[in-house]
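Inspection log for the structure reproduced underneath, given as structure tokens.
The values are calculated or read from the model by the stated rules, or taken from the named source; none is laboratory data. This one's a predicted model, so the numbers in the text were calculated from it and none came from an experiment. All Cβ positions, glycine included, derive from the backbone under ideal geometry; neighbour counts span all protein chains shown. Remember, those area values only see protein heavy atoms, side chains included, never the ligands or the DNA or RNA. Shrake-Rupley method; radii C 1.70, N 1.55, O 1.52, S 1.80 Å.
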Amino acid sequence: MWKLHRYYLRELGVNAGITFVVMFAVVLVSLVARGIQKSQGGGPLDAAMITLLFALDSFPHLVTIAFLIATVITYTRAAQDRELIAVRAAGISPRVPMTAAVLVGILLAALASFVNHYVLPEVHFRKYRVIAEVVQKVITNLKLDSDRIPIPGTDSVLTYRAGGQHELRDCTVYCPPGRSLDKGLSPIVLVDRVSIPPLDEHSLYITVLLEGIHDPIRGTTLGKFDIVVDVYGIADRDRREDRDEDVRTDQLLAEVLRGVHPRTYEAVYTLFRRCCFSLLPALLAPIGFCIAELARERGRVVALLLSLLPLAVFYFGEALSARLLRATNEPWVAWLPVALLVLFGLPLCWRQLRR
């Protein structure tokens, strides 16, 4: 029997590995633009790290889908080549070739459990904090990476022709009526140089220095003008608060047991949800085998289309459980996707394995 298991294990491993690599590459490429957008204030390495972390956040979904596709492809090929018929004709139960998929599913379930409970929360937390959050928010909200910089505390906008992030030259300041930089200046003034000190996440304030201010309308000149900027006041604008998805399971469970979590039912729902996604590969292994055997005469394309059904059932239950949680505040609804998948898979597996 071990030779039969090893035969299917090798083919399953190759198919699952190739499918996962292709799907992960597609996800990685699709997230490049988002990584560049989120890396404002950082360099190319920061953009690459943010892209990778966002792609890793989809790891449990990709592993599960790749494993299901590999299972369906492997056993559909075996069914079309009459291997499964030969196994049945030899008096061997169809559960024997299915054991290889179940073993891989259990192994992936154990791996997914560790990843969902301990690794992914850290990835989810880190992907928003590759660059120091305060510095990134200041650069984003002040638009220091563009040629139109809003001046805090006023409705004015500064544009420049030359310079970099810390020193701007040949600048023009546009102010709305009644909101000019100084009472003796017009709404439009020219500035020779603007100095912006390097940003530090530990600084409370930064002082922007405007030098050589000329009023072309009134013909007046102002030597220097300081603008004090509250760093954290700007950084906290549209700030993303920490969520349950950012916290590891042991920490989240500790908060629940000590009674310090503000919404206990949401924390428990998150714990149950992680358990559901961890069990998914083990549940899909027999379902994938039975779908492959069912579609023996219809071809691999039909088998792949049928493999979308259990995924659709599970993710429909996932979306429905989130809505039920908001309506009932009952964390046990997190198990709804698993319950629906079991109800879908039991009749199918019973019919195919009892033939």
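Points worth noting:
- Considering the conditions (1) open to solvent by 80 Å² or more (accessible area, probe 1.4 Å); (2) modelled with pLDDT under 70; (3) in contact with a strand residue (DSSP E or B) (Cβ under 9 Å, 6 or more places away or on another chain), G223 is excluded by exactly one of them, (1).
- For R351, the criteria (1) among the charged types (D, E, K, R); (2) more than 23 Å from the chain's Cα centre (by Cα); (3) surrounded by 14 or more Cβ atoms within 10 Å (Cβ to Cβ) hold in every case but one, which is (3).
- Remark: E245 matches the filter, which requires a residue to be acidic (D, E) and surrounded by fewer than 19 Cβ atoms within 10 Å (Cβ to Cβ).
- Residue pairs whose Cβ atoms lie under 9 Å apart, separated by 6 or more positions or on different chains, with the first residue in segment 328-350 and within 19 Å of L253 (Cβ to Cβ) and outside any helix (DSSP H, G or I) and the second open to solvent by less than 80 Å² (accessible area, probe 1.4 Å) and hydrophobic (A, V, I, L, M, F, W, C), are E330/L324.
- Any hit, segment 299-311, residues being of a type in the set (S, T, N, Q), surrounded by 15 or more Cβ atoms within 10 Å (Cβ to Cβ) and either under 24 Å from I92 (Cα atoms) or within 26 Å of the chain's Cα centre (by Cα) (or both): yes
- All of L346, L280 fail the test of being modelled with pLDDT of 90 or more and farther than 20 Å from H61 by Cβ, apart from L346.
- L190 passes every criterion in (1) at pLDDT below 75; (2) of a type outside the set (D, E); (3) open to solvent by 70 Å² or more (accessible area, probe 1.4 Å) apart from (1).
- Selection status of A254, open to solvent by less than 60 Å² (accessible area, probe 1.4 Å) and either within 22 Å of H61 (Cβ to Cβ) or assigned to a loop (DSSP other than H, G, I, E, B) (or both): no
- Filter result for Y265 (in a helix (DSSP H, G or I), closer than 23 Å to A109 by Cα and hydroxyl-bearing (S, T, Y)): no
- Residue in segment 70-81 that is part of a helix (DSSP H, G or I), charged (D, E, K, R) and open to solvent by 40 Å² or more (accessible area, probe 1.4 Å) present: no
Rundown of residues vs (1) touching a Leu at 6+ places or on another chain (Cβ under 9 Å); (2) without any contact (Cβ under 8 Å) to a residue 12 or more places away in the chain, yes/no style:
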residue: A86; (1), (2): no, yes
residue: P97; (1), (2): yes, no
residue: Y118; (1), (2): no, no
residue: F125; (1), (2): no, no
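- Breaking point among (1) crowded, with 18+ Cβ neighbours inside 10 Å; (2) more than 23 Å from the chain's Cα centre (by Cα); (3) farther than 15 Å from L68 by Cβ, for G288: (3)
- On the stretch given as segment 304-319, residues that are under 19 Å from V333 (Cα atoms) and of a type in the set (S, T, Y) total 1.
- Only one of the listed residues (E318, E297) is outside any helix (DSSP H, G or I) and not basic (K, R). That residue is E297.
- Top-ranked residue in segment 87-100 [being open to solvent by less than 60 Å² (accessible area, probe 1.4 Å) and part of a helix (DSSP H, G or I); ranked as farthest from M23 (Cα to Cα)]: V87
- Within the option set L53, L103, L62, being of a type in the set (A, V, I, L, M, F, W, C), over 15 Å from the mean Cα position of the chain (by Cα) and open to solvent by 10 Å² or more (accessible area, probe 1.4 Å) holds for one residue only, L103.
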